[in-house]
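Below is one structure; the comments refer to it alone.
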Amino acid sequence: MIKSAAFLFSIFLFPSITFAQILDGGQSNNGGEVGPNGAKTYSNDVGFDGASSKDALYRFNRDVNDKLQQSRPKFARAFERTQDALIKGDMQKADKSIAELRDIKPANDYERARLHLINYWYYGKTGNQELEFDSASKLMAVGAGNIDPNAYVEAGMRLLKRQYNRQDIGGAIETLANLRKVPESSTELMTVVQAVKKLDDIAEEKTDFVQKINVNESGVWSAKLFKPRFFFNGVSGEINTLGFDCTNKQTTLPYKLDSVMEIPEAWGSCTMKVNAKPNTSFNLVQQKPV
């Protein structure tokens, strides 16, 4: 059972994340199995691979031409200059053009989608994978119906594969839902039907969801939470802090041993970053609210 009394961290204007001590159901640092009965354990037995986004530049190098005229002329010109520079491999010109484009604050989702798309391409060209896929994630949120569907699907499929392979199941479920907003994704999703079925099953699952995670040598692992209540079990190594990048809140908190955490609803959707000693392993158990 979970101890009912909880202690709170005071966090500015937002409700605090709640910590409650685990009294049973498994102990940390023992390498044992996860405790809750009926929990479903996820194993990543469907692999993915994906091409670099810079390949897509040549396939979709004219996908965005403002046919709907929903972007301002100044924004459209800066976008085209940046895209042309990236296609030609002129990174000096691309650096200058993209800086100019970013200085033009997007006025609507049509422009926001194009800014995320050009950032996705730019970081793909420069080899910054973290920012490349961060841009792809932002593109998925606003791009459906605002950019060419082929470019949208290409970015979404690469993001889906990366999230699935990295066991960011909450992120993969969200990306899958976004891809389904455009009919053009159906053919691509049929090529990974086994993984899609697994994600759909996980999204509909009512019991606890367990992931066995191995942190790499960087000591960092991140994923989108898709259930607000969670805890860590079977920790081998050391977890130091937990970072939360949420729709309405960003914060980093010290990890508290043997505690259950619950994200306040007011924080919105959250991605959690686990900062640990390199090669730490643990079970992450996500639960529905009680």
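In the range 84-130, the residue that is farthest from K161 (Cα to Cα) out of those that are among the β-branched types (V, I, T) and within 25 Å of the chain's Cα centre (by Cα) is I98. Identify the single condition in (1) modelled with pLDDT of 95 or more; (2) within 19 Å of the chain's Cα centre (by Cα) that P183 does not satisfy, given that it satisfies every other one. Condition (2) is where P183 drops out. Counting just the residues of the range 131-146 that are surrounded by fewer than 20 Cβ atoms within 10 Å (Cβ to Cβ) and under 16 Å from the mean Cα position of the chain (by Cα), which one comes out nearest to L86 (Cα to Cα)? For the range 131-146, the residue satisfying everything is L131. Among the conditions (1) in the same structural domain as G143 (by TED's automatic domain parsing); (2) at pLDDT below 95, D45 misses just one, which is (1). Among the residues making up the range 230-258, those that are part of a strand (DSSP E or B) and surrounded by fewer than 18 Cβ atoms within 10 Å (Cβ to Cβ) are S236, N240, T241, G243, D245, Q250, T251, T252, L253, P254. Does the range 105-115 contain any residue that is out of contact with any helix residue (DSSP H, G or I) (no Cβ under 8 Å at 6 or more places or on another chain) and either of a type outside the set (F, W, Y) or under 30 Å from D201 (Cα atoms) (or both)? Among the residues of the range 105-115, at least one is out of contact with any helix residue (DSSP H, G or I) (no Cβ under 8 Å at 6 or more places or on another chain) and either of a type outside the set (F, W, Y) or under 30 Å from D201 (Cα atoms) (or both), which makes the answer yes. Checking the structure you have, find out if any residue of the range 240-255 is within 27 Å of A177 (Cα to Cα) and among the aliphatic types (A, V, I, L, M). Within the range 240-255, one or more residues are within 27 Å of A177 (Cα to Cα) and among the aliphatic types (A, V, I, L, M). Restricting attention to the range 212-260, which residues are within 11 Å of T280 (Cβ to Cβ) and among the β-branched types (V, I, T)? Listed by number, the residues that qualify are I213, V215, V220, V235, I239. Across the range 58-86, the number of residues qualifying as at pLDDT below 85 and either more than 17 Å from I98 (Cβ to Cβ) or in contact with a Ser or Thr (Cβ under 8 Å, 6 or more places away or on another chain) (or both) comes to 11. The set of residues from the range 259-290 being surrounded by fewer than 19 Cβ atoms within 10 Å (Cβ to Cβ) and assigned to a loop (DSSP other than H, G, I, E, B) comprises P264, G268, S269, K277, P278, N279, K288, P289, V290.
Going by the structure shown, is V215 aliphatic (A, V, I, L, M) and within 17 Å of the chain's Cα centre (by Cα)? In short, yes.
The values are calculated or read from the model by the stated rules, or taken from the named source; none is laboratory data. Remember, predicted model here, so these are calculated numbers, not experimental data. Virtual Cβ from ideal backbone geometry, glycine too; neighbours counted across all protein chains shown.
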